[in-house]
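Inspection log for the structure reproduced underneath, given as C-alpha cells.
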Amino acid sequence: MKIKSFFITILCTGLICINLSGQEQKFNISLAEWSLHVSLSKGAFTNLDFPRITKTVYGLDAVEYVSTFFRTKAEDMDYLTALKDSCARYGVKSLLIMVDGEGNLADTSLRARTKAVENHYKWVKAAKFLGCHSIRVNTAGRGTMGQMQAAAIDGLSRLSDYAAGYGINVIVENHGGNSSYGKWLAEIMKAVNKPNCGTLPDLGNFYEYDRYRGVTELMPFAKGVSGKTHDFDENGNETQIDYVKMMQIIADSGYKGYIDVEYEGTKLSEDEGIKASILLLKKVIAPYNK
C-alpha cells in the first residue's frame, strides 16, 4: 500500500463528512474504542482520553465504548461524570457501550442466564447516564443452536424489558459462535419482537457465513453498524470486504445513522488503520449524503 500518498490524501480532504447543501446526512462516522485496544491495553492512554483523541486526532464526533477498558467503573459516578464532561468539552456524542465479560445471555442454565441478565443492569444505567442509545451484548452459551436460540430469546427479552425503563436499546453483534450466522440471529430478533432489541451488524464477523447475506439478514433490526477493517489495497479499499456493496445493502435497508470505524488489522499501526478506515468510509458513504 502506498502509505505516504494515501495519507496525504487524508490531510487534503479532511476527516469530517460535510454536506455542502446543509441537509442532514444519512450516514456519519463514529469511532469504536476497540480500534485502539492495543494502545489502551499497553497503558498509552485511558478510556477517559478516548473522547479527546476521537475529536482532536481523528476529527470524529461520536464514540462507542468497550466495557473492558472501564470494567470496574460502571457504577463509579465520579468516573462516569468525568467521562461525560470530557465528551461535552470536546463535542463528542456517546453512542453505545460494547459490553463483554458479564456472562452468557444464551446460557442454557436458567440460573446462569439470569445472573448474566442482572450483570448487565449496571451497564444499562451507565449507558443512560452517558447519553448512549444502546448497550451491545453477546449471545454466547453452550448447547445446540436450537437450545441456545431459545435461551437467547429469553435472556434478551428480560434484559430488553429492564433496559426499556431507561430508554436504552439492547443490541446484539454477530460476534462469533452462532451469532455469526445471520439467519440464526435474525430469527431471535423476530421472536423477541421488542422495539428496543436489535442488532449491531459487524461487516466482518461472519467467518464461514456469507458476509453479504448476513448483513442483509441483520440490517432490518440494526440500531448501529460496525465497519470492521483489517487491510487495505493501494487504492484504499478493504481487501476482504466490498464496502461499496455493503453500503448498498445498508442503504437499501433504510438504516440512517452512524457507521463505526473498527480497525482490527496488524499491517498498519492503529493510527494509520483508523485513518485509512475513515477515508474509506467517507468515500463509500459520500454518494448517499448528497
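Taking only pairs six or more apart or across chains, which ones have beta-carbon atoms under 6 Å, a first residue in segment 142-158 that is closer than 16 Å to GLY182 by Cα and among the hydrophobic types (A, V, I, L, M, F, W, C), and a second residue that is at pLDDT 95 or above and surrounded by fewer than 20 Cβ atoms within 10 Å (Cβ to Cβ)?
Here the result reads ILE153/ALA191, each pair linking segment 142-158 to a residue that is at pLDDT 95 or above and surrounded by fewer than 20 Cβ atoms within 10 Å (Cβ to Cβ).
Kindly provide the set of residues from segment 214-227 that are crowded, with 24+ Cβ neighbours inside 10 Å and in a loop (DSSP other than H, G, I, E, B), ordered by number.
Scanning segment 214-227 gives a single hit, GLY224.
Is it true that VAL137 is surrounded by 17 or more Cβ atoms within 10 Å (Cβ to Cβ), under 30 Å from GLU272 (Cα atoms) and without any contact (Cβ under 8 Å) to a residue 60 or more places away in the chain?
Yes: the conditions hold for VAL137.
From the list SER41, SER30, pick out the single residue that is without any contact (Cβ under 8 Å) to a residue 40 or more places away in the chain and not in a loop (DSSP other than H, G, I, E, B).
Sole residue among the options that is without any contact (Cβ under 8 Å) to a residue 40 or more places away in the chain and not in a loop (DSSP other than H, G, I, E, B): SER41.
Could you tell me whether PHE70 is over 18 Å from GLU262 (Cα atoms), hydrophobic (A, V, I, L, M, F, W, C) and under 19 Å from the mean Cα position of the chain (by Cα)?
yes
Tally the residues that are part of a helix (DSSP H, G or I), of a type in the set (D, E, K, R) and closer than 18 Å to GLN248 by Cα, restricting the search to segment 186-213.
Residues in segment 186-213 being part of a helix (DSSP H, G or I), of a type in the set (D, E, K, R) and closer than 18 Å to GLN248 by Cα: 2 in total.
Please find, within segment 143-177, the residue that is surrounded by the fewest Cβ atoms within 10 Å (Cβ to Cβ) out of those that are among the acidic types (Asp, Glu) and out of contact with any Ser or Thr (no Cβ under 8 Å at 6 or more places or on another chain).
In this case the residue turns out to be ASP161.
Any chance segment 131-147 includes a residue that's among the aliphatic types (A, V, I, L, M) and in a helix (DSSP H, G or I)?
Yes, some residue in segment 131-147 is among the aliphatic types (A, V, I, L, M) and in a helix (DSSP H, G or I).
Restricting to segment 29-46, name every residue that is surrounded by 13 or more Cβ atoms within 10 Å (Cβ to Cβ) and polar (S, T, N, Q).
SER30, SER35, SER39, listed by residue number.
Looking at segment 95-115, which of its residues are surrounded by 17 or more Cβ atoms within 10 Å (Cβ to Cβ) and touching a strand residue (DSSP E or B) at 6+ places or on another chain (Cβ under 9 Å)?
Of everything in segment 95-115, those that are surrounded by 17 or more Cβ atoms within 10 Å (Cβ to Cβ) and touching a strand residue (DSSP E or B) at 6+ places or on another chain (Cβ under 9 Å) turn out to be LEU95, LEU96, ILE97, MET98, VAL99, GLU102, LEU105.
Residue by residue through segment 166-223, note down the ones that are touching a residue at least 60 places away in the same chain (Cβ under 8 Å) and more than 26 Å from TYR121 (Cβ to Cβ).
Answer for segment 166-223, where residues must be touching a residue at least 60 places away in the same chain (Cβ under 8 Å) and more than 26 Å from TYR121 (Cβ to Cβ): just GLY204.
Which residue pairs have Cβ atoms under 6 Å apart, sit 6 or more places apart or on different chains, and have a first residue in segment 91-118 that is part of a loop (DSSP other than H, G, I, E, B) and a second that is among the β-branched types (Val, Ile, Thr) and surrounded by fewer than 23 Cβ atoms within 10 Å (Cβ to Cβ)?
Listed pairs, sorted by first residue: ASP100/THR68.
Where residues in segment 165-194 are within 20 Å of ARG142 (Cβ to Cβ) and aromatic (Phe, Trp, Tyr), which of them is modelled with the lowest pLDDT?
In this case the residue turns out to be TYR181.
Kindly check whether there is at least one residue in segment 79-88 that is touching an Asp or Glu at 6+ places or on another chain (Cβ under 6 Å) and among the aliphatic types (A, V, I, L, M).
no
Here's the yes/no breakdown for (1) at pLDDT 95 or above; (2) among the β-branched types (Val, Ile, Thr); (3) on the phi > 0 side of the Ramachandran plot:
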{"position": "THR216", "(1), (2), (3)": "yes, yes, no"}
{"position": "GLY227", "(1), (2), (3)": "yes, no, no"}
{"position": "ASN237", "(1), (2), (3)": "yes, no, no"}
{"position": "TYR243", "(1), (2), (3)": "yes, no, no"}
{"position": "MET247", "(1), (2), (3)": "yes, no, no"}
{"position": "GLY254", "(1), (2), (3)": "yes, no, yes"}
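Find the residue count for segment 178-196, including only residues that are closer than 30 Å to VAL244 by Cβ and crowded, with 18+ Cβ neighbours inside 10 Å.
Matching residues across segment 178-196 total 10.
If a residue has to be closer than 14 Å to ALA127 by Cβ, part of a helix (DSSP H, G or I) and not polar (S, T, N, Q) to count, how many in segment 44-76 make the cut?
Qualifying residue count for the region: 1.
Looking only at segment 228-259, which residues are free of Cβ contacts under 8 Å to residues at least 60 places away in the same chain and assigned to a strand (DSSP E or B)?
LYS228, THR229, GLU238
The values are calculated or read from the model by the stated rules, or taken from the named source; none is laboratory data. All figures in this text were calculated on a predicted structure; none of them were measured in a lab. Glycine also receives a Cβ, built like all others from the backbone with ideal geometry; neighbour counts cover every protein chain displayed.
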